[in-house]
Amino acid sequence: MTTNPLRAECPVDQLGWYMNQTLSDHERSAVEAHLAHCPWCQADVAEWRMTRDALQRAAAATPQPSANLWAKLETRLDAPKPRRMGALRESTAFLWYLLRAQIPLIRRDLWAASALVLIIGWVISFLLSAQRAMPSAVVLAVLAPLIAALGLSVVYGPENDVGLEWAMASQTSPRQVLLCRFVLVFGYNLALTLVLLGVFKLIIPGFDVTAMLDLWLGPMFFLSGISLLLSLAIGVNASVTGSLVLWTLRVIALMPVDTRFATLQSLSSFWSSTPILLLLAAGFLIVGFMLVKKEEIFL
Amino acid sequence: MPEEDYDRTLLKRITRHDQSALAEFYARYQSRLFGYLFRVIGGKQLAEDVLQEVMLVVWQKAHTYRGSAKVSSWLFGIAHNLAMGALRSDRTVNNVDLENVSDVQDGEPMPEDNVISRVSGEAVLKALISLTPSHRAVLELAFYQEFSCKEMARILDVPEGTVKSRLSYARRALKAALLRSEEEII
């Protein structure tokens, strides 16, 4: 790492790309204008040039592949595909590996953003319950389903994952990829919410965790299922809009009785029917997985 | 017809199981791919095995190519993933101790004294093989395959910032490896 503080103005991270000639015209002009009066960058470019030349000397010293390699390959082209792992232990190990492999492929800001919003929800819930303005944890219970749903609207699809083409060229089924991502994002939000409710239980005497579960668990599954389905079927915008509309209806159903919203508030029993919500969520997920074909075809 | 368009035409034919299209695709890319695999993996036999696997993936999965990246980016992404997988099961390569890399400063190199400028191709190859696979890969993709930072980010599936810092670090690691091999000779 350079120790020269005068190099704050230098486009240091562009010099290597200037040497491999992949900068845009605008970027290249800017670098060349800078190089005209910067001896530090001139020296850096000289070293990049030497690195490039050295690598090209290495390339010249590289052997060629065997002449009969194509013939060997031809015999394998129509061979039957290897059987997929059948042993439970190998399948479990593979799924575990796949789960871990998906983590860096999911939007990095999603984890921090979800945690931040849920923690803010917890704090607001705590303050309101301290003032006895609202039953404990209601704000958190209302926010959690929405955060999970919004997270799931951006886990899959070319607009959310530039590496999807490479993932699909692997032996892994797109459905397995989607399943892992759903488990990760939904599981993360679920675990976070449970932990935050657990904290409530610890610090607020008489806090009823079971009542809280009825308030948000079913809606979280329902909203997540429909959000993922809309994302797969239509796109991110439809998924986000749909989630927000449904969430607004949910909030209205929770409000004190208001004749202006009588019809919507009559649906409050629907939002409390955890088994029905879970069943609907399962249906949405099944349809969503069917939309993601075993092998997606684009050409 | 531009090269990129021709490559896409070949892929379309490969999706229809046109073996002659795959043969042509192989002929177009085998040298580049083998060079990349050999220099990243560090062994001819394993590189040839992985090259075959890459072509098998192309044969079986050409239909998954969406066209959002260049064909070469897509292909090298597959090659990179398979190479890393092959290396995971073959950890016999000793990599440059990263602590030594910090002793190599970016500053005012004296071109006539710079070790990079005077070593042979074979010495560079040996030094490359002593680097970590991710460092070999970025040097190879940037300076031999001549991919842009954005393309490399997609191939390696990392952010562009990571590609830039990895490339800078890789250059220093290569220099450290070359210096170390010179000291061993002396």
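The values are calculated or read from the model by the stated rules, or taken from the named source; none is laboratory data. Treat the numbers as computed from the prediction; the structure is a model and nothing was measured. When we count neighbours, we look across all protein chains shown, and the Cβ atoms used for this are built from the backbone with ideal geometry, even at glycine. Heads up: the accessible areas ignore ligands, DNA and RNA and are worked out on the full protein's heavy atoms, side chains in. Shrake-Rupley method; radii C 1.70, N 1.55, O 1.52, S 1.80 Å.
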Q. Which is at pLDDT below 80 and assigned to a helix (DSSP H, G or I), of A:S129, A:S114?
A. A:S129
Q. Only one of these conditions is not met by A:P145: (1) at pLDDT 85 or above; (2) not in a helix (DSSP H, G or I). Which number is it?
A. (2)
Q | Matching residues, region A:200-229, being open to solvent by 50 Å² or more (accessible area, probe 1.4 Å), farther than 22 Å from A:S272 by Cβ and part of a helix (DSSP H, G or I) | A | A:L202, A:I203
Q | region A:184-229: number of residues that are of a type in the set (S, T, N, Q) and free of Cβ contacts under 8 Å to residues at least 24 places away in the same chain | A | 1
Q | Filtered residue count, region A:168-209, keeping only those that are within 18 Å of the chain's Cα centre (by Cα) and either at pLDDT below 65 or basic (K, R) (or both) | A | 3
(Q) Can you tell me which residue is nearest to the other protein chains (Cβ to nearest Cβ) among those in region A:23-63 that are over 24 Å from B:R39 (Cα atoms), touching a residue at least 24 places away in the same chain (Cβ under 8 Å) and open to solvent by 20 Å² or more (accessible area, probe 1.4 Å)? (A) A:W40
**Q.** Unmet criterion (only one of (1) in contact (Cβ under 8 Å) with a residue 12 or more places away in the chain; (2) touching a Lys or Arg at 6+ places or on another chain (Cβ under 9 Å)) for B:S20
**A.** (1)
(Q) Just the residues that are within 14 Å of chain B (Cβ to nearest Cβ), open to solvent by less than 80 Å² (accessible area, probe 1.4 Å) and either under 14 Å from A:V183 (Cβ atoms) or among the hydrophobic types (A, V, I, L, M, F, W, C) (or both), please, taken from region A:94-112. (A) A:F94, A:L98, A:A101, A:Q102, A:I103, A:L105, A:I106
Q.
Checking the condition at pLDDT 90 or above, more than 7 Å from chain A (Cβ to nearest Cβ) and touching a Gly at 6+ places or on another chain (Cβ under 8 Å), which residue from B:R32, B:R8, B:R28, B:R13 passes?
A. B:R8
Q) If you check B:L51 against the conditions, is it within 11 Å of another protein chain (Cβ to nearest Cβ), aliphatic (A, V, I, L, M) and closer than 19 Å to B:A137 by Cα? A) yes
